[in-house]
Amino acid sequence: MEAVKARKGARIVDRPEYATKFGPLTGRADSTVSEAVAAMKARNYGCIVITDTEGRVEGIVTERDIMFKLVARNLNPEKVLLSEIMTREIRMAKETDNVLDWLRIMSNERFRRLPVVDEQGRLQALLTQGDFVSYTWPDLLYQAGGLAKATILGQLHLVVIGCLAFVLALVALLTLG
């Protein structure tokens with residue numbers, strides 16, 4: 001996903017918000033779901049990233065995984081391990097990847113959480129679709145402003161013609177009247 005000649009600020013690592021992002025919640029595959037839920041509740045997080053002892057990502061457990069793979073099957077969260085319900089095949093980004101590329105991919109593939117890893121697959125951050133929207137919001141406002149400005153300037157000749165027609169009609173009425 002290496003961006004080809006991306007403009008400044010287009011990469012994940014370039015976003016000012018990235019440096020101040022809270023660290024993701026992590027856990028081990030051999031932890032129980034009950035332990036993970038307690039940690040998620042304590043930090044008000046919607047997922048836990050499963051890592052090995054080196055910090056490499058092995059999978060993720062989301063609220064949805066807990067609902068569909070544990071609660072819906074009436075399993076005991078005290079006995080079920082995260083390894084039994086985690087999603088193993090997940091997409092992961094690198095810090096140098098393009099923000100807009102991942103926003104598009106996440107939207108198209110319908111997932112909301114994206115681990116950001118280094119070259120060895122070690123977790124650096126966890127981004128959500130909400131993060132990507134907030135990262136791109138200033139760009140969207142700038143583009144909308146430019147579009148509005150171009151639209152107004154593009155239609156300026158019509159405004160000038162309309163004003164001239166009004167003035168000519170007013171002069172004609174005053175002259176004839």
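The values are calculated or read from the model by the stated rules, or taken from the named source; none is laboratory data. Since the structure is predicted, the reported quantities are computational estimates derived from the model, not experimental observations. We place every Cβ from the backbone using ideal geometry, glycine too, and count neighbours over all the protein chains shown. Note: accessible area is taken over every heavy atom of the protein model, side chains too, but ligands, DNA and RNA are not part of it. Shrake-Rupley method; radii C 1.70, N 1.55, O 1.52, S 1.80 Å.
Side notes on the structure shown:
- Counting only residues that are closer than 30 Å to L103 by Cα and either at pLDDT 70 or above or among the acidic types (D, E) (or both), the stretch 140-177 holds 0 of them.
- Pairing each residue of the stretch 29-57 that is of a type in the set (F, W, Y) with any residue that is modelled with pLDDT under 95 and open to solvent by less than 20 Å² (accessible area, probe 1.4 Å), provided the two are 6+ apart or on different chains, yields no C-beta distance under 8 Å.
- Some residue of the stretch 123-138 being touching a residue at least 12 places away in the same chain (Cβ under 8 Å), closer than 16 Å to G55 by Cα, open to solvent by 60 Å² or more (accessible area, probe 1.4 Å) and in contact with a strand residue (DSSP E or B) (Cβ under 8 Å, 6 or more places away or on another chain): yes
- Here the stretch 37-61 is the region considered, the condition is being of a type in the set (S, T, Y) and within 18 Å of E119 (Cα to Cα), and the residue that is surrounded by the most Cβ atoms within 10 Å (Cβ to Cβ) is T51.
- Residues that are out of contact with any Pro (no Cβ under 9 Å at 6 or more places or on another chain), open to solvent by less than 60 Å² (accessible area, probe 1.4 Å) and among the hydroxyl-bearing types (S, T, Y), drawn from the stretch 14-36: Y18, S31
- Residue within the stretch 62-79 that is buried (at least 16 other Cβ atoms within 10 Å of the Cβ) and either under 18 Å from A125 (Cβ atoms) or small (G, A, S) (or both) present: yes
- Which numbered condition F111 fails, given (1) surrounded by 12 or more Cβ atoms within 10 Å (Cβ to Cβ); (2) free of Cβ contacts under 8 Å to residues at least 40 places away in the same chain; (3) not in a loop (DSSP other than H, G, I, E, B); (4) not charged (D, E, K, R): (3)
- Only one entry of V80, V117 meets the criterion of being within 27 Å of E17 (Cβ to Cβ) and of a type in the set (V, I, T), and that entry is V117.
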